[in-house]
Amino acid sequence: MSTKIFNGYALGFSAMTPIWEIDLWAQQLRSRIGHVERQLRAKLFASTTATLIDRVCLLEASEHLLPLVNEMTGATSLSEHQSQYRVIIDHIAGREQKIRTTQQRDPLYDFECNVQVLHASGRNLLLAMLFTEQAAFRIIWRRMPGVREYAYWNNTDPPAYLTKEQWQRRERDWDKALGDEGIPSLRGFNIECQHVYGHPAMEDILGAMPTFAARARERGEDRLFHAWLAGREQTVSNYFATRSAYKQWRSTTQGRLAAVKMRHEVAAHLPQEITADLLLTSVQDLFAQSHK
């Protein structure tokens, strides 16, 4: 059997540590994760809402509104009160539900974070496995008191800084901790670190909103690529080749000048500032206001 425990760690507790000490440590971990999770969620809501608002303002005809909202939420009709804020809430909730249902990870929308704590029987040692898609959560975890790397694999060479005896010790420890089943969830106990539910506060979303210049640059790049793609065929098989060809063209003098021109054209149609009132405006009203 090929054993790969790249997310393996040893904890600074003995197997005899009182559970209340581990619980206090886990509460500290949850607090740190929760603080960063709130920031990441606010940034996700802000960037996604800004993209939606800008796309609505750049639409050429009102009949394109429903396909845009349908693309994000699956809605088959538009309510006159359906705001950008509501669309994004439904969109993100849908993506998170898909993660839970399919178990297919999606780093942009996946804020789950769990730690499985395991005991290596016969040893005064607690091991742990971290499960998360967020790099920021991994940094917090590695900085927690008592956490040290304790990975193991047998499909490639071990790290040069470990002796053969140390590597074999890790193998025996993980074999004992995982047991015959080799399934972490059937051993030890789980610390669930994700605990921010619902959507971020409006002020947090507005505080994380991308700048006007960043929005104009991003929307301009989107439009420039689609303008360049016109007349060319992009398929799954030639996706990377097409993207590579575009990047080569984009780096030419012609491509750089086209990007500047497109960015200025796009910027003329975007709201300078995204406010709470704008987030709560219906997509239909926003389109009407932006096309007066």
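If the condition is being among the hydrophobic types (A, V, I, L, M, F, W, C) and not in a loop (DSSP other than H, G, I, E, B), then region 145-166 contributes only 153. No other residue among 258, 213 is hydrophobic (A, V, I, L, M, F, W, C), touching a Leu at 6+ places or on another chain (Cβ under 9 Å) and on the phi < 0 side of the Ramachandran plot apart from 258.
Does residue 210 qualify as being surrounded by 13 or more Cβ atoms within 10 Å (Cβ to Cβ) and under 30 Å from residue 39 (Cβ atoms)? Spell out how you get there, then give the answer.
On the way: surrounded by 13 or more Cβ atoms within 10 Å (Cβ to Cβ): yes; under 30 Å from residue 39 (Cβ atoms): yes.
Taking the combined requirement at face value, the residue satisfies it.
Would you call residue 169 outside the structural domain of residue 279 (by TED's automatic domain parsing) and either surrounded by fewer than 17 Cβ atoms within 10 Å (Cβ to Cβ) or basic (Lys, Arg) (or both)? For residue 169, the condition - outside the structural domain of residue 279 (by TED's automatic domain parsing) and either surrounded by fewer than 17 Cβ atoms within 10 Å (Cβ to Cβ) or basic (Lys, Arg) (or both) - is not met. Against the numbered list (1) in contact (Cβ under 8 Å) with a residue 24 or more places away in the chain; (2) buried (at least 17 other Cβ atoms within 10 Å of the Cβ), residue 189 comes up short only at (2).
Can you name every residue in region 180-207 that is more than 28 Å from residue 26 (Cβ to Cβ) and in a loop (DSSP other than H, G, I, E, B)? Of everything in region 180-207, nothing turns out to be more than 28 Å from residue 26 (Cβ to Cβ) and in a loop (DSSP other than H, G, I, E, B).
In the list 166, 234, which residue meets the criterion of being in contact with a helix residue (DSSP H, G or I) (Cβ under 7 Å, 6 or more places away or on another chain), free of Cβ contacts under 8 Å to residues at least 24 places away in the same chain and polar (S, T, N, Q)?
234
The values are calculated or read from the model by the stated rules, or taken from the named source; none is laboratory data. Because the structure is predicted, anything quoted here is derived from the model rather than measured. Counting neighbours? That spans all protein chains shown, and the Cβs are built from the backbone with ideal geometry, glycine included.
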